[in-house]
């Protein structure tokens, strides 16, 4: 195995208040020693919880692609840690996708895995081990709620 092979860990979380409702996604990108390389928080408008969970993974994967570049990523291990058992199992082929709105999200992750990140693994983790990504997702939802209060509309 390549000596330079580095491992990146992406902690992801998505959420939706009132499901579907105001949604947000958060991702924390860290190296294998736990040093945080980047934090991402994004308001998603009105979405379902599961859609937001997928979007958090997509945001994390897009960020590592920007940070390391396509070629370097092919030599790296990337582990996505999510507290969404459903999304982790759908992406690992254990569960079917029944919610139609999740198909495009699944395909985005699948295509990034095939074309850019071949050494991608997904791990389901307990919610307690995903606090920072959860905070980031909630921060994004708060931002969306505040916009709604000041403008009277959702983006």
Anything in the stretch 19-31 that is within 24 Å of residue 141 (Cβ to Cβ) and touching a residue at least 24 places away in the same chain (Cβ under 8 Å)? List them, or say none.
19, 20, 21, 22, 23, 24, 25, 26, 27, 28, 29
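Pick from 34, 60, 14: which is closer than 13 Å to residue 140 by Cβ and either in contact with a strand residue (DSSP E or B) (Cβ under 9 Å, 6 or more places away or on another chain) or outside any loop (DSSP other than H, G, I, E, B) (or both)?
Of 34, 60, 14, the one residue that is closer than 13 Å to residue 140 by Cβ and either in contact with a strand residue (DSSP E or B) (Cβ under 9 Å, 6 or more places away or on another chain) or outside any loop (DSSP other than H, G, I, E, B) (or both) is 14.
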Scanning the stretch 22-39 residue by residue, the ones that are out of contact with any helix residue (DSSP H, G or I) (no Cβ under 8 Å at 6 or more places or on another chain) and surrounded by 17 or more Cβ atoms within 10 Å (Cβ to Cβ) total 1
Here is a list: 42, 53, 85. Which entry is within 17 Å of residue 134 (Cβ to Cβ), under 15 Å from the mean Cα position of the chain (by Cα) and exposed (fewer than 15 other Cβ atoms within 10 Å of the Cβ)?
85
Lone unmet requirement of (1) surrounded by fewer than 16 Cβ atoms within 10 Å (Cβ to Cβ); (2) more than 13 Å from the chain's Cα centre (by Cα); (3) without any contact (Cβ under 8 Å) to a residue 60 or more places away in the chain for residue 148:
(3)
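Bear in mind that the values in this text are calculations on the coordinates, not laboratory data. Everything numeric here is computed off the predicted structure, so don't read it as measured data. Quick reminder, even Gly has a Cβ in these numbers, built from the backbone with ideal geometry, and neighbours come from all protein chains shown.
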